[in-house]
Structures are given as structure tokens and as C-alpha cells.
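The values are calculated or read from the model by the stated rules, or taken from the named source; none is laboratory data. Computed from a predicted model, the values in this text were never measured in an experiment. A quick note on method: Cβ atoms are made from the backbone with ideal geometry, for glycine too, and the neighbour counts reach across all protein chains shown.
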Amino acid sequence: MNIDNRAEQDLLAGPSTRRAEFGTLLRVSREMIRGFRRLHFVGPCVTVFGSARVDEKSDEYRMAREVSRRLSLLGFTIITGGGPGVMEAANRGARDAGGPSVGCNIKLPKEQAPNRYLDVSIDFRYFFVRKMMLVKYSYAFVVAPGGFGTLDEMYEALTLIQTGKIHDFPVVVLGTHYWSGMQKQLKTMVEEGMIDRRDLDLLLVTDDVDEAVAHIEQRSVARFKLHRRLRPVRVLGESASAA
């Protein structure tokens, strides 16, 4: 078994010895500090979530690439999970525009190799640390078709926005046909009183690249007066390669 995967399994398997728990705390803290240092100067980001299983000839790949290219031209850094599929498409779109491209790769038993369109690549052992980094530096989220991991990431972002833990950043969901079942479920949740009707406004579901980019520009760039940080001040030796 992959030693990195075993470490996270041990963490989630219930109580361990105090010495082992302290060792886990040190590993998690070290991983968080490394992420903070590498990403401190990347500038305002858009995180793109989506499946690793789509190929470059698919509509999902082409749309993620074009949306990311357009967002990069607005001055955003594109940040993804760093792998293939939609993640590669998004990082490739940033590269097309000459913009910064960042990947937060996860170590898995079947190794996920970072894609070749990354300016900055960071490997993470713990999923929850990786997800925190993907949220922490972003002013908007783009969600392309995907599986369990994509759903987890999207709903965590929506929950953080709904509960006020992060600002009301835009969440753009690409692919009306693919996500039609989710939209139906959300309406059922409203009807059953599980969420408020206004919670439906937390996300935009669209197939239109222009609409997606305009929504993010209006809800993030204009609202938060974002701009790229051109002259970072390094005080602790942090890398500014993606600034």
C-alpha cells in the first residue's frame, strides 16, 4: 500500500496513540505551511473543478480550456487539482493566454501525475489540506462535469458561501445537460424546505462561455476591485513564480 495513502487512512481510522496523533499533527502542519508559502503570491485565483477522465476532444475539455483562457486574460491565476482531464484543460487555457497556472496535486495509490501546463505544482498528501488551498486563494469557482470528487469540492464551496465562512464568490457550473439532475434535486430541496430559494442564486449553470466569464467578472473583478500583484514583497523566501 502506498505509504502516503496509509497515513491518511490512519488519520481517519479513529483514535491512535498520542505520539502517533502528534506526528500526524506535525505532518499536516508542515503540509499547510508549505502550501501557504508556495501560493502566497499567486494573485487572485479562479479554481476550476472537474473530472480527470475527459479527453481533449470532448466538449467538457474544450469549454474548460476556453473559459480558463478568458479568465486568465482578465488577470486571474487559474488553479486546479493539477491532474489530467478538466484540470489539464483549465491549466492549458491559462497557458494559452500567457497567464499563471497552478496545480494542487493529490498523492494517490495510483499515482496522479501533474499535467504539463503548470507553472507551479504542489503535491499534497491530505485531501482536506488540498481542498483548503483550492478555496483559500480563489475569488470564483468554475465547476465542469465530474464525479464524486467534483461534487465534494463544489458542495463544500457552496456550503462555505451559504454559511458565510467565505465571501459570496461566484460559482459557475458548466454543462446544463450534465447537471440537469442536480438542478432538479436542488429544486426539490427548496420545496422540502431543506435550503432557501435564494440559495439557488449561489450558482450559475450555463453552457455559454461569454455568460460564465461575464458573471465572474461582474461578481468578482468589479465587486472586489481585483488586480494582479506585480511586485510581491518576499520576507520569508516564498516563491513568487506565479505572481
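Tabulated values for the structure
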quantity: Residue match in region 104-124 (condition: under 21 Å from Leu12 (Cα atoms), within 14 Å of the chain's Cα centre (by Cα) and aromatic (Phe, Trp, Tyr)); calculated: yes
quantity: Checklist (1) outside any helix (DSSP H, G or I); (2) of a type in the set (Gly, Ala, Ser); (3) under 22 Å from Leu226 (Cα atoms); (4) within 16 Å of the chain's Cα centre (by Cα) applied to Ser51, failing item; calculated: (3)
quantity: Phe36 vs. criteria aromatic (Phe, Trp, Tyr), over 22 Å from Tyr178 (Cα atoms) and at pLDDT 95 or above; calculated: yes
quantity: Yes/no for Ile78 being hydrophobic (A, V, I, L, M, F, W, C) and more than 13 Å from the chain's Cα centre (by Cα); calculated: no
quantity: Pairs, first farther than 15 Å from Gly43 by Cβ and among the basic types (Lys, Arg) in region 92-109, second modelled with pLDDT under 95 and part of a helix (DSSP H, G or I), C-beta under 7 Å, six or more apart; calculated: Lys107/Asp4
quantity: Any chance Phe41 is under 19 Å from Ala140 (Cα atoms), surrounded by 24 or more Cβ atoms within 10 Å (Cβ to Cβ) and in contact (Cβ under 8 Å) with a residue 60 or more places away in the chain; calculated: no
quantity: Residues located in region 79-120, provided they are under 21 Å from Glu31 (Cα atoms) and β-branched (Val, Ile, Thr); calculated: Ile79, Thr80, Val102, Ile106, Val120
quantity: Residue among Glu31, Glu21 that alone is of a type in the set (Asp, Glu) and modelled with pLDDT under 95; calculated: Glu21
quantity: Some residue of region 93-106 being at pLDDT below 95 and charged (D, E, K, R); calculated: no
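Okay, residues lined up against (1) outside any helix (DSSP H, G or I); (2) buried (at least 17 other Cβ atoms within 10 Å of the Cβ); (3) in contact with a helix residue (DSSP H, G or I) (Cβ under 8 Å, 6 or more places away or on another chain); (4) not aliphatic (A, V, I, L, M):
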site: Leu186; (1), (2), (3), (4): no, yes, yes, no
site: Asp201; (1), (2), (3), (4): no, no, no, yes
site: Asp210; (1), (2), (3), (4): no, no, no, yes
site: Ala214; (1), (2), (3), (4): no, no, no, no
